[in-house]
Amino acid sequence: MAATSTSPHSLTARLIAEAFGTFLLVFGVIGTALFASSNTGILGVALAVGLSVVIGAYAFGPISGAHFNPAVTLGAAAAGRLPWRDVIPYIVAQLVGGIVASSLLLAIAAGGPQGFLDGAIKNGFASDGYGDRSPAHFNLIAVILVEFILTAVFLWVILSVTHRQAAAGFAPLAIGLTLTLIHLVSIPVSNTSVNPARSIATAIFGGPTALGQLWVFLLVPVAGALVAGLSYKALFDRAPLAEESYLEPLDLAGDQDSTEA
């Protein structure tokens, strides 16, 4: 069921916010993975993505809803929290933000010590993967399971903490901490996607194998998000649709009814 936006922000403003937020997310997590993970390990990368989401959600959530992720956008639309007409523009903006971020990281890596860039590309440029491209060599089935389950969990959390009855102002923290936990679980398995924009942004510089495995990190997170979005009301027995909040925009002051059915 489509929703009619009453957001005070134009679609252009919301798309710019999505692009900037996705840029921040990809730059933060992939930059940490490329340049600092040898010192910080998995925990550092997981914290980087959580912090990026918290900062981005507080900065841009009141404008666009702070999706920064095509799977979140599709799951929100499936749950009736975003008009379907906004889905494609949101996804395009997210892809642009992510690709700009990874392109700038490539340029920074080119200025590193001799062989740094070649090594980063040879190792997949922090791309997601399975089999030999999985950090701990998990197989395809394990990667599909972890990406599907964790994307669905991520959407259920987002839809719950942005509900009109949720505690006001804490949604970005809950979402960021959830994404941190997701990364702690799944970095060894798949290097963690749950976000097709992030996966595309790194795979384009990760070589033929990363591009060949990209389909998993496009289809599986989207499937998990759609299942979560479509099942949310039935599983959690929330208020009627007309009383739901929307992820467009995320009102951090407490009044989260930004659109109506």
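Among Ala166, Ala142, Phe154, whose Cα lies farthest out toward the positive end of the dipole of the chain, if unit charges sit on the beta carbon of Lys, Arg (+1) and Asp, Glu (-1)?
Ala142
Arrange the following residues from fewest to most other Cβ atoms within 10 Å of their Cβ: Tyr232, Tyr90, Tyr58, Tyr130.
Sorted ascending by nearby Cβ count, the order is Tyr58, Tyr130, Tyr232, Tyr90.
What translational diffusion coefficient, to the nearest whole µm²/s, does the chain have by Stokes-Einstein, given a Kirkwood radius computed over alpha-carbon pairs, a temperature of 20 °C and 1.002 mPa s viscosity?
Roughly 119 µm²/s, to the nearest whole number.
Which of the three applies to segment 66-200, rounded, prolate or oblate, going by the alpha-carbon gyration tensor with a ≥ b ≥ c and a/c under 1.5 meaning rounded?
prolate
What is the packing order of peptides 123-129, 193-199, taking the mean over residues of other C-beta atoms within 10 Å and listing the highest first?
In decreasing order of mean packing, 123-129, 193-199 become 193-199, 123-129.
Give me His67, His183 ranked fewest to most by other Cβ atoms within 10 Å of their Cβ, as a rough exposure proxy.
The most exposed by this proxy come first: His183, His67.
Sorted from fewest to most neighbouring beta carbons within 10 Å, what does the list Thr162, Thr202, Thr180, Thr12 look like?
Starting with the residue having the fewest Cβ neighbours, the order is Thr12, Thr180, Thr162, Thr202.
Where a number appears in this text, it was derived from the coordinates with a stated rule and is not lab data. Bear in mind that the values here come from a model prediction, so they are computed numbers and not experimental data. Cβ sites come from the backbone with ideal geometry, for glycine too, and all protein chains shown count toward neighbours.
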